[in-house]
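Engineer: Have a look at this one before I ask anything.
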Amino acid sequence: RTSGGQFSFTLIDEGRNGLPVVYNGMKPGNFESAPSASVEGEVVEGKFIAARVSTQCPSKYVTADTNYVSDK
């Protein structure tokens, strides 16, 4: 969700645990199609306040032959 220059979403870890994230900045252009996101920041009152949000570009990590997604 984007509102007034603030972007928020729920970060879900490998154990399916969710944490609300608030980022005071623009949503990355490929956010919906990215296989994963990384955030930097701190937890304040039960929310992760992100100083930076980074995403992987799916086309960089998928090979045409196998559709294998690398974790590198």
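Engineer: Tell me, which residue of the range 27-48 that is open to solvent by 80 Å² or more (accessible area, probe 1.4 Å) and among the charged types (D, E, K, R) is nearest to Arg16 (Cα to Cα)? Talk me through it step by step, then tell me what you get.
Structural biologist: Here is the first cut: in the range 27-48, the ones open to solvent by 80 Å² or more (accessible area, probe 1.4 Å) are 29, 32, 40, 42-43, 45, 47.
Next cut, among the charged types (D, E, K, R) only: 32, 40, 42, 45, 47.
Working: Glu32: 18, Glu40: 19, Glu42: 20, Glu45: 20, Lys47: 16 Å.
Applying the filter and picking the extreme gives Lys47.
Engineer: Output the residues belonging to the range 2-26 that are of a type in the set (S, T, N, Q) and either in contact with a strand residue (DSSP E or B) (Cβ under 9 Å, 6 or more places away or on another chain) or open to solvent by 80 Å² or more (accessible area, probe 1.4 Å) (or both).
Structural biologist: Just the residues of the range 2-26 that are of a type in the set (S, T, N, Q), to begin with: 2-3, 6, 8, 10, 17, 24.
Selection gives Thr2, Gln6, Ser8, Thr10, Asn17, Asn24.
Engineer: Determine which member of the set Val53, Val44 is at pLDDT 90 or above and out of contact with any strand residue (DSSP E or B) (no Cβ under 7 Å at 6 or more places or on another chain).
Structural biologist: On the way: Val53 fails: out of contact with any strand residue (DSSP E or B) (no Cβ under 7 Å at 6 or more places or on another chain).
Answer to the selection: Val44.
The values are calculated or read from the model by the stated rules, or taken from the named source; none is laboratory data. Everything numeric in this text was worked out from a predicted model, so none of it was measured. With ideal geometry, Cβ positions are generated from the backbone for all residues, glycine too; neighbour counts draw on all protein chains shown. The accessibility values were calculated without ligands, DNA or RNA, using every heavy atom of the protein model including side chains. Shrake-Rupley method; radii C 1.70, N 1.55, O 1.52, S 1.80 Å.
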